[in-house]
1. Would you grab the residues whose amide H sits under 5 Å from the one on Ala73? Only those 5+ places off in sequence or on another chain, please, with H modelled 1.01 Å from N.
2. For segment 106-166, state what percent of all Cα-Cα pairs lands in each successive 5 Å bin, counting from 0 Å until the bin that includes the largest distance.
3. According to a simple spin-label model (label point 7 Å from Cα along Cα-to-Cβ), what is the distance in nm between Leu296 and Lys235?
4. Quick one: with all protein chains in place, what share of the accessible area of segment 196-313 is carbon or sulfur, to the nearest percent (1.4 Å probe)?
5. Which order do the peptides 233-243, 84-94 come out in when sorted by mean C-beta neighbours inside 10 angstrom, highest first?
6. Over the Cα atoms of segment 204-361, Rg to Rh with Kirkwood Rh, two decimal places?
7. Once you put a point 7 Å from the Cα of Glu19 and another 7 Å from the Cα of Cys108, both along the Cβ direction, what distance in nm separates them?
8. Search the structure for amide H atoms under 5 Å from the amide H of Glu303, placed 1.01 Å from N in the peptide plane, and list their residues when 5 or more places away or on another chain.
Amino acid sequence: MAARFGLVGRLRPRHLGTEADRATFRTLHTASLATPALRAGLTTVSAEKSARHLRTLLGAPAIALTDTTDLLAWDGGFHHHARQAPALAGPVLAEGSTSVRDRRDIPCDDPGCGVKQAIVAPLTVEERVVGTLQVFAPFASAGLVRAVEEVATWVSGQLELAELDASRTRLMEAEVRALRAQISPHFIYNSLSAIASFVRTDPEQARELLLEFADFTRYSFRRHGEFTTLAEELKSIERYLVLETARFGDRLNVVLRVAPEVLPVTVPFLSLQPLVENAVRHGLEDKPGVGTVTILAEDVDQEAVISVEDDGLGEDPERIRLALEGDASVDSVGLGNVDERLRTVFGDEYGLVVETAPGAGTKVTVRVPKYSPGVHP
């Protein structure tokens, strides 16, 4: 046992590396602690959570974070200088460059105060100055000024990513709103007409259909979350098909096969229902006789593979290409919208794959990873 401990002791210095390696690790670790807060944007909460780690990075006696008008956070000693931070930010906000201030700009009645100079660096997002990082120290050496500028640049990068995330969320929400607008008029009219046809002949069936309709619309028009589970999306699709079956009668046949393993997989909200509506509306509605919609969800290695296939009229592949490009002249229920959202969330390799030809039906395949960082209901 003693020999084994001795071996571990001899390996440890090489394992941890040189002092420079350890210093680099400490710096990267400290930066990583500040990252989650900054990725939420520049707010009082994010500034307060990240200020301590930023001060540790810089080894400064005190730092301040401001937005364009107010002090957001102060960390360190010499708190009597905190009230001066908004005024110090003014010139930097206007000019967009780092400024070093001395006692004339940071007057102090305490003769023992260790703060003699302040370094004020801009925080920028998309070329707009959105705030400042301020460091208060006994002396603003060239090395400290450079360090403050580097840290401010890194903080700005995190804020840029936060703005990108927010922009993506706003875009996704706008696309879902647009998709709802495409789905709702046609479907609501047909569903209510089908329900009305049962009111006199089969009141119990009409009641059941109204409940299905209520649940479907509640899900489709919910206002929270850009993602859902495959289980929830399929449940909504089942409600949709119950309503369409009431309208089509024996002319609509549905085949649904789902691997239980993929039910918890996260998918963009309303990413599958439009594919089923396209199958019914454009593939089967005008087809003579019985039409079949087949929905499969399979567990394939690290992915869930979902396909929606109909044996209906089919389509000209060129028109499908235009629909996927978002051409408004092509009548489709959100194909381009769904394709764009899938690519935005998971990457270009996860766009829709559509197989069709006139008279040959249509098959649309969706692949989604079982796990994707940052993607959850």
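The values are calculated or read from the model by the stated rules, or taken from the named source; none is laboratory data. This structure is a prediction, so every number in the text was calculated from the model and none was measured. For neighbour counting, all protein chains shown are included, and Cβ atoms are generated from backbone atoms with ideal geometry for every residue, glycine included. These accessible areas exclude ligands, DNA and RNA; they are computed on the full protein's heavy atoms, side chains included. Shrake-Rupley method; radii C 1.70, N 1.55, O 1.52, S 1.80 Å.
1. Long-range HN contacts for Ala73: Leu65.
2. Going from the shortest bin to the longest, the percentages are 4, 18, 22, 17, 13, 12, 7, 4, 2, 0.
3. Result: 2.6 nm between the two label points.
4. Values: 2890 of 5580 Å².
C and S atoms contribute 52 percent here.
5. Numbers: 233-243: 20.9, 84-94: 18.6.
The peptides rank, most packed first, as 233-243, 84-94.
6. Working: Rg = 15.6 Å, Rh = 16.4 Å.
Using only Cα positions, Rg/Rh for segment 204-361 is 0.95.
7. Placing both labels 7 Å beyond Cα along the Cβ direction yields 3.0 nm.
8. Lys370
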